[in-house]
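For reference, the structure is listed below as structure tokens.
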Amino acid sequence: MYAMLFGILPFSSEESIEDLFEKIKNDKINFISEDSHISEHAIDLLNKMLVKIPEKRITIEYALNHPFLR
């Protein structure tokens, strides 16, 4: 979803797969875009889907009922 909206992946690394994994685990996601067409609902859903702690991440049921997908 992030890649579809922003046109890039939320994390990348040209160094190594290990570096990419570290970025996924530790870096914050950038939701700043030159495209102002990305809605607050889309950003909200992405934030909730990309929570790093699985127990705190939203469920599929919650996601499917999110205002962005309605």
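Read the figures in this text as sums done on the coordinates, not as results from a lab. Model, not experiment: these values are computed from the prediction. Virtual Cβ from ideal backbone geometry, glycine too; neighbours counted across all protein chains shown.
For the charge dipole of the chain, defined by +1 on Lys and Arg C-beta atoms and -1 on Asp and Glu C-beta atoms about the Cα centroid, which residue among Ala63, Phe11, Ile53 has the Cα displaced farthest towards the positive pole?
Ala63
Rounded to the nearest 500 deg cm²/dmol, what is the calculated helix-only ellipticity per residue at 222 nm for the chain, with -39500 (n - 2.57) per DSSP H run of length n ≥ 4? Show your work: numbers first, answer last.
Working: 4 runs with 30 residues, N = 70.
One gets -11000 deg cm²/dmol as the mean residue ellipticity at 222 nm.
About the Cα centre, and with charges only on the beta carbon of Lys, Arg (+1) and Asp, Glu (-1), how big is the dipole of the chain? Nearest 20 debye, please. List each step's numbers first, then the result.
Details: 8 positive and 12 negative charges, 83 e Å.
The dipole of the chain has a size of about 400 debye.
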